[in-house]
1. Let me spell out the model: positive unit charges on the Cβ of Lys and Arg, negative unit charges on the Cβ of Asp and Glu, origin at the Cα centre of the range 280-346. What dipole size does that give, in debye rounded to 20?
2. Please report, in debye to the nearest 20, how large the charge dipole of the range 364-465 is about its Cα centre when each Lys and Arg carries +1 at its beta carbon and each Asp and Glu carries -1 there.
3. Provide the FRET efficiency to the nearest 0.05 for the residue 153-residue 268 pair, computing r from the beta carbons and using R0 = 35 Å.
4. Give me Rg/Rg_expected for the chain, where Rg uses Cα atoms only and Rg_expected = 2.2 N^0.38 Å with N residues.
5. May I ask which residue of 485, 438, 448 lies farthest towards the positive end of the charge dipole of the range 433-491, with charges of +1 (Lys, Arg) and -1 (Asp, Glu) on Cβ and the Cα centre as origin?
6. What lysines does residue 471 reach when the alpha-carbon gap must be under 24 Å and sequence neighbours fewer than 8 apart in one chain are set aside?
7. For the charge dipole of the chain, defined by +1 on Lys and Arg C-beta atoms and -1 on Asp and Glu C-beta atoms about the Cα centroid, which residue among 271, 344, 25 has the Cα displaced farthest towards the positive pole?
8. Suppose only helical runs count, i.e. DSSP H with n ≥ 4. What mean residue ellipticity at 222 nm does that imply for the chain under -39500 (n - 2.57) per run, divided by all residues and rounded to the nearest 500 deg cm²/dmol?
Amino acid sequence: MTTQTVGLGVDSAYEAVIGLEVHAQLLTRSKMFCSCSAAYTNAPANGNCCPVCLGMPGVLPVMNRQAVEMTVRTALALDCEIPAFTKFDRKNYFYPDLPKGYQISQYDLPMSLRGHLDFTVNEERARCGITRVHLEEDTGTMHHAGDVLQEATSSLVDLNRSGVPLMEIVSEPDLRSADAAREYLVRLRQLLMYIGVNDGNLEQGSLRCDANVSVRKFGVSELGTKVEVKNMNSFRAVHRAIDFEIARQVAVLEQGGALLQETRGWVETRAATVSQRSKEMAHDYRYFPEPDLPPLQLGRELVERIRSELPELPEARAARLAEQYGLSTYDAALLTASREDADAYEELVDAGVSAKVAANWQMGDVAALANQHHRSLVDSGVGVVGLATLLRLLEDGTINGPTAKELLAELYEHGGDAALLVRERGLGQVSDRAALTVIVDEVIAANAQACEDFRGGKAQALGRLVGQVMKAAGGRAEPALVNSLLRERLSA
Ligand SMILES: [Zn+2]
């Protein structure tokens, strides 16, 4: 199925105004306010709970220090300000997956404010403001018989996820298209994974994205009526849902209608957003300060220590790699897509593989094998060290390209020692001039037509002859030498 862009054309009288709210589960060991494991999917339903995360009366929450530090780390990576003082609030609402009747969140004094994220969309640089990054707790999960609440005859509650630390990252309404919204999310996800606070899994919901979408006539400064779009669990869904919503809102206004402030859910099978409920106003939640948690003072020493421990961030790393190793902007971005990839690349170069060869193999054969086996280079049989050994054998002329390719595929799946395999199987490249000359002469004698074609000016005929020599030499001949020997003998 092709994705059709139904967003605004360049000549539209309307512009879209989009802000994203992203929820990211933090990769802490324990939950937000108790010592239950945060790895909630590892236990049977309701097997990963205690009185605190079950919301029993009279229990007291205890703040998870690691979650606080991860939130500060994220805020600093997004260039946010960290106020000296922050507090937690109760957000009150009733839902079966929230048995205590309120969620501990942050309201008027969040942990951080006023940051930004820079990215490139359609080859133009863009900046989206970050309103705030705050910390809260996740709720449990519901399983409805038949998947749809309205048609369900029964529903089950699993509270394993209840109390898992959840970070909310709210953007300013600075995004103007579905393309920009998707790119913002791509870059935010990459950043969260780089700094080790989230695993980036949109499908399983450890990273979730809601969009606030409105439209207005160009030149108008007030915001239009805002619709919150939920239930988008892939980058593609985010893009399609926002495009759909923009077009729907413009159509309503063009027909003289009025938009409702509401929450709509993206329904993949209908390729449409569907009204879920009218949007609550903030005061519906009756926020008030959480009485069981003391306000938090974030000392400057702590903040500066966390800042100093931030790794090199993706954009800076891509720029440095491009400069240091003479890579194109495109290649540098690919090689730094994940921190693991970027580390692997720099390890290869540090181990003596040339920058160009390391880049070509990592983006080519290694990427293809990673896809095929659903295993990253680091988790593969060959590993980064094994790949470095293999590529050094290639670069010093011990083996040729085709042999390296075959060995890599084998080692990737099954592991082993490249140098040992080359010795045991006699895979060393044949660069013995005399031995190859004999083979070259045999091939010339047996392929009169190809030789005549080459002499007659058909350059591609040489490729056929090179192929024959490689085959006769068991695939181990040095390609450059075969090439030059053939040219030499054919012009004699
Ligand atoms: Zn618990």
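A short reminder: the numbers here are calculations on the coordinates, not readings from a lab. This structure is a prediction, so every number in the text was calculated from the model and none was measured. A quick note on method: Cβ atoms are made from the backbone with ideal geometry, for glycine too, and the neighbour counts reach across all protein chains shown.
1. Values: 7 positive and 15 negative charges, 45 e Å.
Magnitude of the dipole: close to 220 debye.
2. Value, rounded to 20: 180 debye.
3. On the way: r = 24 Å, r/R0 = 0.68.
That pair, residue 153 with residue 268, gives E of 0.90.
4. Working: Rg = 29.5 Å, N = 492, 2.2 N^0.38 = 23.2 Å.
Rg over 2.2 N^0.38 Å, computed on Cα atoms: 1.27.
5. Among 485, 438, 448, the one farthest towards the positive end of the dipole of the range 433-491 is 485.
6. Within reach: 405, 458.
7. Positive-most Cα among the choices belongs to 271.
8. Working: 17 runs with 190 residues, N = 492.
That comes out to -11500 deg cm²/dmol.
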